[in-house]
Amino acid sequence: YQSIGVIMGANIGTTVTAQIISFDLGDYAFHAITLGAIAYLFAKRKKYQYIGQVILGFGILFLGLNIMSETMHPLRESQYIVDLMKNFGTYPILGVLAGMAITVIVQSSSATFGILVGLVSVGVIDFSSGVPILLGSNIGTTVTAILSAIGASKTAKKSAAAHFIFNILGTSIMIFMIYLIPNFTGRLQEILRSFSLMTADSVSAERMLANTHTIFNVTNTLIWLPFVGFMVKIVNRIIPGEEMSIERGLVHLDERM
């Protein structure tokens with residue numbers, strides 16, 4: 001019961017990485033790598049070495065995204081790839097399956113988002129086709145928890161099951177809305193663009209996808225937070241039984257005596 005709240009919070013927390021990736025900070029990659037390397041190699045205090053590692057890590061991350069975006073430029077000239085990506089907008093369920101598959105392979109929804117940003121930045125994929133892939137990555141990331149729970153305690157398995165159920169319920173609602181409401185992703189794009197233009201002169205598809213990722217996870221949490229008890233009942237039906245625990249301390253004696 002307690003772990004479900006942590007899982008919900010982690011789902012929101014992981015969108016922060018997507019937000020950072022979506023900003024166009026590639027021009028500062030080498031600056032961050034240089035500063036981070038200097039701090040890590042030459043700082044005498046551990047605290048500054050750790051800060052240097054963080055800056056170095058972000059620098060390498062954005063350098064990697066830059067290289068990935070540059071290598072994806074030729075994909076724009078492949079009609080097969082362009083048609084394949086358009087199918088994700090026409091048939092969202094294909095995009096969900098693709099997002100799931102990529103996330104299961106790379107074992108990280110943030111890495112999937114990085115790949116998605118690379119495709120969007122070179123114009124291979126648009127916002128409408130990117131949303132289903134984003135939703136699929138949310139389901140795919142639960143596989144990491146499921147794999148971690150293999151051979152673990154029954155409580156750990158229940159937590160992994162809760163993570164899967166929580167993400168698949170939220171994604172299912174979103175997919176139903178995409179299929180039932182005409183031009184749902186187009187309307188969502190216009191709403192996000194309107195809000196974004198309040199704080200910036202222009203807004204990129206990468207930023208809108210990152211905002212969609214955050215809004216989806218926050219909304220999903222707010223919807224299911226009052227029904228945590230119901231979710232626990234579902235999990236207990238799927239994985240019945242309680243964890244065996246050894247009682248310690250006084251059992252049959254009154255502590256006041």
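Values for this structure:
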read-out: Region 11-31 residues that are outside any helix (DSSP H, G or I), paired with ones that are of a type in the set (A, V, I, L, M, F, W, C) and at pLDDT below 80 (beta carbon under 9 Å, 6 or more apart); value: LEU25/LEU65
read-out: Conditions (1) among the aromatic types (Phe, Trp, Tyr); (2) over 13 Å from LEU65 (Cα atoms); (3) at pLDDT below 85; number of the one not met by PHE23; value: (2)
read-out: All helices (runs of 4 or more DSSP H) inside region 55-153 with 1 or more residues being crowded, with 17+ Cβ neighbours inside 10 Å and within 17 Å of the chain's Cα centre (by Cα); value: 92-106, 109-121, 127-140, 142-149
read-out: Residues located in region 71-93, provided they are in contact (Cβ under 8 Å) with a residue 40 or more places away in the chain and charged (D, E, K, R); value: ARG76, LYS86
read-out: Test for ARG256: is it open to solvent by 80 Å² or more (accessible area, probe 1.4 Å) and at pLDDT 85 or above; value: no
read-out: Residue identified as among the β-branched types (Val, Ile, Thr), open to solvent by less than 40 Å² (accessible area, probe 1.4 Å) and over 22 Å from the mean Cα position of the chain (by Cα) among ILE33, ILE51; value: ILE33
read-out: Some residue of region 235-253 being within 30 Å of VAL122 (Cβ to Cβ), modelled with pLDDT of 85 or more, part of a helix (DSSP H, G or I) and not β-branched (Val, Ile, Thr); value: no
read-out: Cross-chain or 6+ apart pairs with Cβ under 6 Å, region 101-125 first and without any contact (Cβ under 8 Å) to a residue 60 or more places away in the chain, then surrounded by 22 or more Cβ atoms within 10 Å (Cβ to Cβ) and not in a helix (DSSP H, G or I); value: THR103/THR141; LEU119/ILE125
read-out: Residue check for LYS44: open to solvent by 50 Å² or more (accessible area, probe 1.4 Å), over 18 Å from ILE21 (Cβ atoms) and at pLDDT 85 or above; value: yes
read-out: Residues satisfying the stated conditions in region 154-182, i.e. in a loop (DSSP other than H, G, I, E, B) and open to solvent by 70 Å² or more (accessible area, probe 1.4 Å); value: PRO182
read-out: Criterion (of a type outside the set (Val, Ile, Thr) and at positive phi) met by exactly one of ASN183, ASN211, ASN220, ASN167; value: ASN183
read-out: Every pair of residues 6+ apart whose Cβ atoms lie under 8 Å, when the first sits in region 48-70 and is under 12 Å from LEU25 (Cβ atoms) while the second is surrounded by fewer than 18 Cβ atoms within 10 Å (Cβ to Cβ) and among the polar types (S, T, N, Q); value: GLY59/THR34
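Results for (1) modelled with pLDDT under 85; (2) touching a Gly at 6+ places or on another chain (Cβ under 9 Å); (3) closer than 30 Å to VAL232 by Cα, shown as yes or no for each residue.
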| position | (1), (2), (3) |
| --- | --- |
| ALA161 | no, no, yes |
| GLY170 | no, no, yes |
| ILE173 | no, no, yes |
| PHE176 | no, no, yes |
| THR185 | yes, yes, no |
| ILE191 | yes, no, no |
| PHE195 | yes, no, no |
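The values are calculated or read from the model by the stated rules, or taken from the named source; none is laboratory data. Given the structure is predicted, the values throughout are model-derived calculations rather than measurements. So basically every Cβ, Gly included, is an ideal-geometry build from the backbone, and we count neighbours across all protein chains shown. SASA here: full protein model, heavy atoms, side chains in, ligands and nucleic acids out. Shrake-Rupley method; radii C 1.70, N 1.55, O 1.52, S 1.80 Å.
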